[in-house]
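The values are calculated or read from the model by the stated rules, or taken from the named source; none is laboratory data. For clarity, every value in this text was computed on a predicted model and none was experimentally measured. For neighbour counting, all protein chains shown are included, and Cβ atoms are generated from backbone atoms with ideal geometry for every residue, glycine included. The area values use the complete protein model at the heavy-atom level, side chains included, leaving out ligands, DNA and RNA. Shrake-Rupley method; radii C 1.70, N 1.55, O 1.52, S 1.80 Å.
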Amino acid sequence: MNLLTLIVVLPLTGFLLNGLLGPRLGKSFVTVVGCGLPVLAFLATIRAFGQLDGAAGLALVESAYTWAVVGDFSFDIAFYFDRLSALMTLIVTGVGSLIHIYSTGYMKDDPSYARYFAYLNLFLFFMLLLVLGRSLLVCFVGWEGVGLASYLLIGFWFEDPAKAAAGKKAFITNRVGDAGFLLGMFLIYYALGTLDFDAVNAAFQGPVPPAVSASLVGVLLFIGATGKSAQIPLHVWLPDAMAGPTPVSALIHAATMVTAGIFMVARMSPLYELSDTALGFIMVIGAITALFMGFLGMVQNDIKRVVAYSTLSQLGYMTVALGASAYSVAVFHLMTHAFFKALLFLAAGSVIIAVHHNQDIRYMGGLKKYMPITWITSLIGSLALIGTPFLSGFYSKESIIEAVKISHLPAAHLAYWAVLIGVFVTAFYSFRMYFLVFHGKERFHQGHAHGNEDDVHHDAHHGGTPHETPWVITGPLLALALPSLAIGYMTIEPMLFGDFFGSAIYVADRHPVMHELNQEFHGAVAMGLHAITTLPFWLAAAGVGLSAFFYLRRPDIPAAIQKRFAFVYSMLINKYWFDELYSAIFASGARLLGGTLWRRGDQNIIDGLVVNGSAHLVERFSRLVKAFQSGYIYHYAFAMLIGVFALVTWFARLN
Amino acid sequence: MDRTQLLLWLSFALFSLGFVGVMIRRNALVMLMCMELMLNGVILSLVTFAERSAMLSGAVLVFLVFVVAAAEIAIAIPIVLLLARRRRTLDVGAWSELRG
């Protein structure tokens, strides 16, 4: 009965085998270990999930070993498997396995093939530690570990300084959030004397709330989540994280790691239920992220960056749902998003391979007829993302919008408009990318000529035509397309309104959002049919229509708008100058502080006073006593005799 | 002045002679000889006191000291000899290599 430990240890074994032996034992060994162990972990998860059903809604708890004992408190590496962590584990190992398989195709010519799979397995290990950990501490170890794996994989091609810098940026930005997470953890331990999720949640759910400000703890923990889940103002690292290999973007920066913050807040739902302040804070941050990051997606030309901003925006949606006390809706969207966003990323990767690693969507176009599978799966992903009725994204996003509409928090009204406009924005940028990549004129021969968009491709022989990618790449696309189509329809009823989560998620009676949502819900089919009369549907349709008009019929209009509203365009293309602001305040500030400490502290005090100072003191003293060492034997003899006299005199006086 | 006192005065005279010799002479051999004088002065006082207190151990110790002194001089004389060969002088003022 060590199934949970097994799930966690399998990817760790993969990491060790691939990291230590991989480069020697060759590619096929790395492939088998790197893909096989995650698949085994997935199968083990399914088995554990089956056992969970047998346990009648109770969580499986498994203790691996005792990490440390301090006084009468022991830190156990223990795993906690309830419906919430079960769902996360299924997503992590399931989507993770598909992305591992995809990676064997995407990375097949990379010289550091073994290192790549070692890192990918390491990530999976830490992510499983994060979602399965019984205590906040184990969760935090995983939390930091996925940060490390993310850093290693963003900077995977570290020979390129820009990519190495992107890795550092992700790592450092996450540290800011982690400081909040740590403080929140300290407060919880201070108040309750335990960090185990079950004990903490029971304490916050109890009749007497613990003697600690739930708002403060909630906001601090959420600051950790803003770092990991890339919410404003700590979102800056995620777009740059696209420097890593595309499967990494799909796995870490869309499907799993970035949802850790959402998972953590849902996990701590009893705490957040105590504080409207924390919930309101979460909702505002989420709403701002959902809307404003969506705007940025409208002007990006890098295919991966468009998807990255879309991810930011969708994470904002999940956060808004958390703020509205609709935790199960947030986790529901997390799940559907994991499928369709991983699909979109992998499809983007497929496109990138086909056009010879050019990522600029201005130099694609017309790929539909060359890569039919990538085309159809991308279309499914995009439709799911914008919330087309009956597709998975529709159910989760529609539920979020409804939940926000119902929510009674002061910020809910503002958040409602933000997510509503967000629907239009999402549809616009998704289909802008889709049309530019798969429809319209074939521009992929211009990419190498750099620039002239009016230039019709004379050099058709240059670079060759794109072709469909091999099955290891299209296979995962198809495997992800199915849940993107159907998982929302299939699971909305048990997950949101049934008893799927059981006691894993707690909603106080003060926040009856889910209850009211349930009253409006008359089955998944009715919800899909009803959509045609709702505002989000028409907003999404308008977004698709507008992007079709702009980018297929009249490409001159966006160009004209860009010229007309140059300031707005430059604001968007510069990402609201967040990077510039941070580098002006924090980076230069840190450099100034570092420079001061270096010159004053290190050079003057440490080097000057302590190190060189003590050396100078010794030297000066030595100069003084050096005078005694004349080298003449009679001087020494004289000194010795004086000494003997002194000793004898002293001895005589003593008696 | 009884015998013990006389011997102690003699011992003092020998020691002082040796001390002054070591202090004022520059000749390495003379300095060595003066050191022997100082040693013998001290040994004389040791024997005197041993006789006075009728203890044999003092007398036995003297033989040990003689052996040590003989060994010491057996090493010291070749050193002086080697030094003298290098500089063709016995003046210890010619040697100050250990100057700091």
request  = Heavy atoms only, probe 1.4 Å: what % of the accessible area of chain B goes to carbon and sulfur, would you let me know?
outcome  = 73
inquiry  = Rounding to the nearest 10 and keeping the result within 0 to 90°, find how far the Cα-based axis of helix A:392-406 lies from the longest principal axis of chain A.
reply    = 80
message = Less than 17 Å apart at the alpha-carbon level, and either on another chain or at least 8 residues along: which lysines does that give for A:LYS168?
response = A:LYS228
Carbon and sulfur %, accessible surface of segment A:309-373 computed with the full protein complex present, 1.4 Å = 55
ask   = Distance from the Cα centre of segment A:463-530 to that of segment A:583-655, in angstrom?
value = 74
query = Once you sort the root eigenvalues of the Cα gyration tensor of segment A:510-614 as a ≥ b ≥ c, which label holds: rounded (a/c under 1.5), prolate (a/b larger than b/c) or oblate (the other case)?
reply = oblate
For segment A:83-202: rounded, prolate or oblate by the Cα gyration tensor [a/c cutoff 1.5] = oblate
inquiry  = I'm a student and want to see the number: the projected area of the Cα convex hull of segment A:218-269, averaged over all directions, in nm².
reply    = 3.4
message = Using the crude model of +1 on Lys and Arg Cβ and -1 on Asp and Glu Cβ, and no other charge, please compute the dipole size for segment B:53-100 relative to its Cα centre, in debye to 20.
response = 300
Average accessible area per residue (Å²) across chain A - probe 1.4 Å, nucleic acids and ligands excluded = 42
ask   = So if we plug the beta-carbon distance of A:ARG653 and B:ASP2 into 1/(1 + (r/R0)^6) with R0 = 30 Å, what FRET efficiency do we get, rounded to 0.05?
value = 0.65
request  = Read phi for every residue in segment B:40-54 and hand back ³J(HN,Hα) as whole Hz from Karplus 6.51 cos²θ - 1.76 cosθ + 1.60, θ = phi - 60°, with x for Gly and Pro.
outcome  = 5, x, 5, 5, 4, 5, 5, 5, 4, 5, 5, 5, 5, 8, 6
note = Accessible-area loss of at least 50 Å² in the complex relative to the chain alone (1.4 Å probe) applies, within segment A:604-644, to A:TYR632, A:TYR634, A:LEU641
note = Taking a ≥ b ≥ c as the square roots of the Cα gyration tensor eigenvalues, with a/c under 1.5 meaning rounded and otherwise prolate when a/b beats b/c or oblate if not, segment A:1-154 comes out prolate
For A:SER135, distant residues with modelled amide H under 5 Å away = A:ALA78, A:PHE197
Local electrostatic count at A:ILE7 - Lys and Arg +1, Asp and Glu -1, tallied over other residues with Cβ under 15 Å = 0
note = Net charge (Lys, Arg +1; Asp, Glu -1) of residues whose beta-carbon lies under 14 Å from that of A:SER503, A:SER503 excluded, is -2
task = Would you jot down the residues in segment B:51-100 that end up with at least 10 Å² less accessible area in the complete protein assembly than in the chain alone, with a 1.4 Å probe?
result = B:VAL92, B:GLY93, B:TRP95, B:SER96, B:LEU98, B:ARG99, B:GLY100
request  = In debye, nearest 20, what is the charge dipole magnitude of the protein assembly as shown about its Cα centre with +1 on Lys and Arg Cβ and -1 on Asp and Glu Cβ, if you could check?
outcome  = 2520
query = Under 17 Å Cα-Cα from A:LYS108, which aspartates and glutamates qualify once same-chain neighbours fewer than 8 residues away are excluded?
reply = A:GLU468
ask   = When the Cα centres of segment A:350-413 and segment A:7-83 are compared, how far apart do they sit, in Å?
value = 32
remark   = As straight-line cross-link partners of A:LYS626, the qualifying aspartates and glutamates (C-alpha separation under 14 Å, not fewer than 8 residues apart within one chain) are B:GLU97
ask   = Per residue, what volume in Å³ does the convex hull of the Cα atoms of chain A enclose?
value = 251
query = What are the residues whose amide H is under 5 Å from the amide H of A:TYR506, where those residues sit 5 or more places off or on another chain and H is modelled from the backbone?
reply = A:SER269
key: Karplus-derived HN-Hα couplings along segment A:289-302 (A = 6.51, B = -1.76, C = 1.60, θ = phi - 60°), whole Hz, x at Gly and Pro   = 4, 4, 7, 6, 6, x, 3, 5, x, 6, 10, 6, 10, 7
query = Roughly how many percent of the accessible protein surface of segment A:1-120 is carbon and sulfur, given a 1.4 Å probe and a whole-percent answer?
reply = 67
query = If we count GluC sites (Glu not before Pro) as exposed when they sit in a DSSP loop and have at most 15 other beta carbons within 10 Å, what is the longest stretch of chain A that avoids them all?
reply = A:160-452
note = Once accessible area is computed for B alone, A alone and the pair with a 1.4 Å probe, the total buried surface, to the nearest 100 Å², works out to 1100
ask   = What residues does segment B:27-44 have that are buried by at least 20 Å² of accessible area in the full protein assembly compared to the chain on its own, 1.4 angstrom probe?
value = B:MET31
note = The value for segment A:144-287 (convex hull of the alpha-carbon atoms, volume per residue, Å³) is 94
query = What does the accessible area of B:SER45 come to, in Å² to the nearest 10, when a probe of 1.4 Å is used?
reply = 30
key: Theoretical FRET efficiency, 1/(1+(r/R0)^6), r = Cβ-Cβ of A:ALA526 and A:LEU420, R0 22 Å, to 0.05   = 0.55
ask   = All other residues with a Cβ under 15 Å from the Cβ of A:THR89 taken together, and with Lys, Arg as +1 and Asp, Glu as -1, what is their net charge?
value = +1
ask   = Which value, in debye to the nearest 20, gives the size of the charge dipole of segment B:16-100 about its Cα centre, when Lys and Arg are +1 and Asp and Glu are -1 at the Cβ?
value = 440
